[in-house]
Amino acid sequence: MKSPLVTTLWLEQHLDDDRLIVLDASMAKVVGRPQILYDTFSCILGAKKLDLENELCDLTSKQTHAFPTVAQFIDIISALGISQTSQIIIYDNQGIYSSPRAWWIFKVMGFNNVYVLDGGLPQWLAEGRTTANRFSPSTLAEPVSVDSIIKSGCEIKVNVQDTWVCDSTYLLNKLSDKHVSIFDARGAKRFSGQASEPREGVRSGHIPNSVNLPFSQVLEDHGLKTAEELQQIFAGLANEQDTQRIFSCGSGITACILILASVEAGYHHNVLYDGSWAQWGSDHKLPIE
């Protein structure tokens with residue numbers, strides 16, 4: 001499959017595949033769009049919980065939603081029974097919101113066989129597909145350490161793509177590069193500085209030379225717009241000869257929706273600025289517009 005997406009029909013037809021792992025990457029806090037609320041809990045049959053807010057992030061970092069360390073990643077996926085041979089499908093309960101973040105983490109860690117469920121749980125429920133009232137338990141009761149995995153002879157291999165995530169220093173050096181396009185997934189009022197930031201101590205405005213593409217503009221109903229529509233959107237905003245696209249948002253979550261859209265549109269030189277505006281806007285040494 002060349003697309004980073006799978007359909008609900010495809011997933012339902014493959015739920016019994018031995019290599020398939022379905023992960024629910026829903027987040028409790030939703031920013032930048034009306035949150036879909038549910039009267040009762042349900043998940044896709046066989047899905048396991050992937051906790052982006054409390055586990056799959058570096059909690060020792062001062063950065064909001066910081067990218068997880070390799071050791072954290074290995075601990076978590078080993079507990080979920082995931083290996084390089086697994087086929088991983090990730091969804092969330094807002095349609096497409098936080099699942100692209102989890103998808104990009106796996107991609108950066110060198111996992112190629114990972115996809116986002118287009119339409120997520122809302123689409124799945126609307127079509128009356130099979131659900132459960134609780135998550136499937138993890139393979140292991142507790143995450144195991146990297147050392148114990150290696151000693152057991154079952155080392156999980158990661159091939160970290162370091163250039164697919166960047167920090168503020170890297171981005172600062174790229175601000176005037178005409179071959180780089182910088183996208184901000186926040187809403188227009190936050191981008192322009194007309195709306196105050198939700199995080200205390202963070203300035204209003206945007207990264208110089210960045211363009212605003214609110215993540216809602218690449219979505220249609222519960223899913224992603226078509227590849228052709230996404231190509232048109234990026235064609236109107238990206239530098240004509242860009243060799244790299246860098247994506248930012250509030251704290252590194254919804255920027256990954258734009259990365260997903262960029263990949264679906266056929267572009268593969270994408271970079272996440274993980275600190276995003278929460279970091280850039282709070283550092284008074286960095287320029288803003």
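The values are calculated or read from the model by the stated rules, or taken from the named source; none is laboratory data. Remember, it's a predicted structure, so these values are computed and weren't measured experimentally. For neighbour counting, all protein chains shown are included, and Cβ atoms are generated from backbone atoms with ideal geometry for every residue, glycine included. Calculation scope for accessible area: heavy atoms of the full protein, side chains included, ligands and nucleic acids excluded. Shrake-Rupley method; radii C 1.70, N 1.55, O 1.52, S 1.80 Å.
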Inset, instruction - Figure the gain on full extension for W10 and T169 (residue separation times 0.36 nm, minus the Cα-Cα span) and round it to one decimal in nm. - result: 53.1 nm
Inset, instruction - Would you mind getting the accessible area per residue of the chain, heavy atoms of the protein chains only, 1.4 Å probe, in Å²? - result: 47
Inset, instruction - Might you report the magnitude of the Cβ-based charge dipole of the chain about its Cα centre, with Lys and Arg at +1 and Asp and Glu at -1, to the nearest 20 debye? - result: 460
Inset, instruction - Beta carbons within 10 angstrom, averaged per residue: use that to sort the peptides 277-287, 116-126, 11-21, highest first. - result: 116-126, 277-287, 11-21
Legend entry - Förster radius 22 Å - calculated FRET efficiency between R134 and D51 (Cβ-Cβ, nearest 0.05): 0.90
Inset, instruction - Can you quote the Å³ per residue value for the convex hull of the Cα atoms in region 1-106, rounded to an integer? - result: 128
Legend entry - Segment D283-N112, extension gain: residue separation times 0.36 nm, minus the distance between their alpha carbons: 58.1 nm
Inset, instruction - Show me 95-103, 243-251 ranked by packing, highest mean number of other Cβ atoms within 10 Å first. - result: 95-103, 243-251
Legend entry - Net charge, A25 excluded, C-beta distance under 12 Å - Lys, Arg +1, Asp, Glu -1: -2
Legend entry - Given K29/K49; K2/K174; K62/K285; K107/K157; K178/K285, the pairs whose alpha carbons are separated by over 19 Å: K2/K174; K178/K285
Inset, instruction - Work out the P(r) tail for the chain: percent of alpha carbon pairs separated by more than 32 Å, whole number. - result: 23
Inset, instruction - Can you tell me how much longer the chain between V31 and S196 gets when fully stretched, taken as 0.36 nm per residue apart minus their C-alpha distance, in nm with one decimal? - result: 58.0 nm
Legend entry - Accessible-area composition of the chain, carbon plus sulfur, in percent [1.4 Å probe]: 49
Inset, instruction - Determine the calculated [θ] at 222 nm for the chain from helices alone, applying -39500 (n - 2.57) to every DSSP H run no shorter than 4 residues and normalising by the residue count; nearest 500 deg cm²/dmol. - result: -7000 deg cm²/dmol
Legend entry - Listed residues E289, E127 arranged by accessible area, highest first, probe 1.4 Å: E289, E127
Inset, instruction - Give the peptides 214-225, 189-200 in descending order of average Cβ contacts within 10 Å, highest first. - result: 214-225, 189-200
Legend entry - Furthest towards positive pole of dipole, Y38, T243, S3, structure part the chain, Cβ charges: T243
